[in-house]
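Everything on this sheet refers to the single structure shown next.
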Amino acid sequence: MGIALAGTGSKLPSKILTNDDLSKIVDTSDEWISQRTGIKQRHIVEEGENLVSLAFEAGKEALKSANVEGKDLGLIIVGTSTQDKRLPNTACELQPLLGASDCACMDVSSACSGFVYALSIAYSMMNTLDIDYALVVGGDVLSREMDWTDRTTCVLFGDGVGAAVLKKSDNEAGFLSFDIGADGSKGFALYDNSYGDDRYIRMDGQEVFKFTIRTVPHSIEKAVKRAGVHKDDIDVFLLHQANLRILEAVSKKLDIPLEKLPHNLERTGNTSAGSIPLLLDEAVKKGIAKKGDLILLCGFGAGLTWGTCVLRL
Ligand code: UT7
């Protein structure tokens, strides 16, 4: 038996903050943000919205598209670094809202790699604990962690959540490989030290950029090899949406046509753990990722962490 993707869902907050809006808050411009990142706008939570409310909507949609009920879930995992509360975890808060009960519930904190980390844990737990259905959510509300006077970070990030239902599969569909890792010695490059003097996200953008260009192609190659396929066989590469220049550099380095790396960062900004499941849901809805396609997901970010997987839809 394999483990396959059964359905997807997503939720973005309704409030949109454009680059022009930001240029009224900090010393920046639409031209700088667009040229350096490709981002044009991002979604930001308003009063009444939080991680759980977004995750509930995304999870509900994923269950519906998988034709699975909350009560069928044996596991809920949420990849996030921006829980609404320290305790209980986000997955426990979602459980009764989604009509699930008794199932295992946990959050995984691996920043922008959180969704792929969570998928790999769900894959393992479904096998070892004989679980039929799992809900894997990835999302963050980074606007709450932002220093809105720091132009080097506040123009980059946005809020959003995506979700996927996994199920046991007895056909060709399913996960073929994972490559998961971290380099904790580079933690200084992207951090949010809520317990210290400075409670905001800080990033050495160039350090993270260099790490990404080095690590992501290597991780993709490893996951592709482990899956026993060739990179040309992959139909769609869904990479973490941090910067269009990163997608262009990876496409060039691995000699993958840029058309195989769809993006939505121009509309969402960098939504951290939400970025891959948001893009996955969009790719499925738009028919960019179709049943039978071989797809690759790759996340990278604070830690510094990375996570890649290959699956057949
Ligand atoms: O999700 C986790 C993963 N994160 C990433 O992968 C992010 C990786 N890093 C990046 O995407 C890029 O490094 C950034 C988009 C963050 C920055 O782009 P950059 O090309 O590396 O710019 P830079 O930091 O070298 O800054 C260039 C200039 C500087 O001015 P000077 O020193 O040349 O005078 C900055 O002060 O741009 C200035 N600058 C800005 N100007 C206008 C920095 N931020 C802004 C801004 N608006 N928002």
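The values are calculated or read from the model by the stated rules, or taken from the named source; none is laboratory data. Quick caveat: nothing in here was measured; it's all calculated off a predicted structure. Counting neighbours? That spans all protein chains shown, and the Cβs are built from the backbone with ideal geometry, glycine included. The protein model used for the area step is the full one, side chains on, heavy atoms only, and it has no ligands, DNA or RNA in it. Shrake-Rupley method; radii C 1.70, N 1.55, O 1.52, S 1.80 Å.
Quick notes
- Ranking TRP148, TRP306 from most to least accessible surface, computed with a 1.4 Å probe over the protein chains only, gives TRP148, TRP306.
- With R₀ fixed at 35 Å, the C-beta to C-beta distance from ASP132 to SER194 puts the FRET efficiency at about 0.40.
- At most 12 other Cβ within 10 Å, DSSP loop - GluC sites (Glu not before Pro), the range 31-140: GLU46, GLU47
- Between GLU248 and SER101, the FRET efficiency estimated from the beta carbon spacing at R0 = 51 angstrom works out to 0.65.
- For the peptides 260-271, 209-220, the ranking by mean Cβ contacts within 10 Å, running from highest to lowest, is 260-271, 209-220.
- Estimated distance in nm for a label pair at LYS15 and GLU259, the labels positioned 7 Å out from Cα along Cα-to-Cβ: 4.0
- Between the range 13-73 and the range 105-138, the Cα center-to-center distance that results, in Å: 22
- Accessible area of the range 3-67 belonging to carbon and sulfur atoms, whole % at 1.4 Å probe: 44
- Nearest-0.05 FRET efficiency for ASP232 and ARG144, computed from C-beta distance (R0 30 Å): 0.10
- If you take all other residues with their beta carbon under 10 Å from the beta carbon of ASP179, and give Lys and Arg +1 and Asp and Glu -1, the sum is +2.
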